[in-house]
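**Student:** Just dropping this structure here.
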Amino acid sequence: MTPSGRAPDRPAGSADEQAAFAVFRPRRGRQVAYGFAALTLVLFAVIAVLLPGPDEGGTWRTGDKVFFVGVGVAIALMLWRFASIRAMPTRDGLTVRNLFTTRTLSWQEVLDVRFSGGDPWVSLALSDTDTLAVMAIQKADAGYARAEAGRLAALVQALGPSAKSPDVTLD
């Protein structure tokens, strides 16, 4: 063992460690959200430009058109936020960024990793009896999601409150 507590054959920045601590992100949901965000911006901008103003015999004023574009921007921002969900593991813990909240946990707080039944994403059972959704690992990603759930469970097992394996139910 080295003074840092690592095995000598695995340097601090080894590929294995980088892969283990890679950020969890959804694939399919992220691509769809970015695509719809771009489409929304274009669609609302085009509609705002094409709305007939008083000069063209319509009733749409400049303020109405700006509001229309603003609604498109608000929808695109919400989709961007959905596309930016992630879970960031470190040696100290896990930061989970979901749609509306961000929560940082120490590994000692995570008791169980669940990904079964009709759950759309992974959930964590916490030591305070709470449950936290990890929207970054989504069932829509199929095999990739199962592999990521397994990687998260391995991190909990290696860094969590006990040496016993967490109960992981896949499918």
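The values are calculated or read from the model by the stated rules, or taken from the named source; none is laboratory data. This structure is a prediction, so every number in the text was calculated from the model and none was measured. Ideal geometry is used to build each Cβ from the backbone, glycine not excepted, and the neighbour counts take in all protein chains shown. For the accessible areas, the whole protein counts, side chains as well, though only heavy atoms, and no ligand, DNA or RNA atoms are used. Shrake-Rupley method; radii C 1.70, N 1.55, O 1.52, S 1.80 Å.
**Student:** From (1) surrounded by fewer than 17 Cβ atoms within 10 Å (Cβ to Cβ); (2) under 30 Å from SER123 (Cα atoms), pick out the condition that doesn't hold for LEU79.
**Tutor:** If we test LEU79 against (1) surrounded by fewer than 17 Cβ atoms within 10 Å (Cβ to Cβ); (2) under 30 Å from SER123 (Cα atoms), just (1) comes out false.
**Student:** Output yes when any residue across segment 42-51 is more than 16 Å from the chain's Cα centre (by Cα), open to solvent by 40 Å² or more (accessible area, probe 1.4 Å), of a type outside the set (D, E, K, R) and over 30 Å from PRO26 (Cβ atoms), and no when none is.
**Tutor:** Within segment 42-51, one or more residues are more than 16 Å from the chain's Cα centre (by Cα), open to solvent by 40 Å² or more (accessible area, probe 1.4 Å), of a type outside the set (D, E, K, R) and over 30 Å from PRO26 (Cβ atoms).
**Student:** For segment 151-171, enumerate the residues that are surrounded by fewer than 14 Cβ atoms within 10 Å (Cβ to Cβ) and at pLDDT 80 or above.
**Tutor:** ALA158
**Student:** Which residue pairs have Cβ atoms closer than 6 Å, lie 6 or more positions apart in sequence or on different chains, and pair a first residue in segment 83-95 that is more than 16 Å from ALA19 (Cα to Cα) with a second residue that is among the aliphatic types (A, V, I, L, M) and open to solvent by 10 Å² or more (accessible area, probe 1.4 Å)?
**Tutor:** Once the first residue is more than 16 Å from ALA19 (Cα to Cα) and sits in segment 83-95, its partners that are among the aliphatic types (A, V, I, L, M) and open to solvent by 10 Å² or more (accessible area, probe 1.4 Å) give ILE85/MET135; THR95/MET88.
**Student:** Let me ask something additional. How about segment 107-118: which of its residues are touching a strand residue (DSSP E or B) at 6+ places or on another chain (Cβ under 9 Å) and either closer than 14 Å to LEU94 by Cα or open to solvent by 60 Å² or more (accessible area, probe 1.4 Å) (or both)? Outline the logic, then answer.
**Tutor:** First, pick out the residues of segment 107-118 that are touching a strand residue (DSSP E or B) at 6+ places or on another chain (Cβ under 9 Å): 107-117.
Of everything in segment 107-118, those that are touching a strand residue (DSSP E or B) at 6+ places or on another chain (Cβ under 9 Å) and either closer than 14 Å to LEU94 by Cα or open to solvent by 60 Å² or more (accessible area, probe 1.4 Å) (or both) turn out to be TRP107, GLN108, GLU109, VAL110, LEU111, ASP112, VAL113, ARG114.
**Student:** Would you be able to say whether some residue in segment 119-138 is surrounded by 15 or more Cβ atoms within 10 Å (Cβ to Cβ), at pLDDT 95 or above and among the aromatic types (Phe, Trp, Tyr)?
**Tutor:** no
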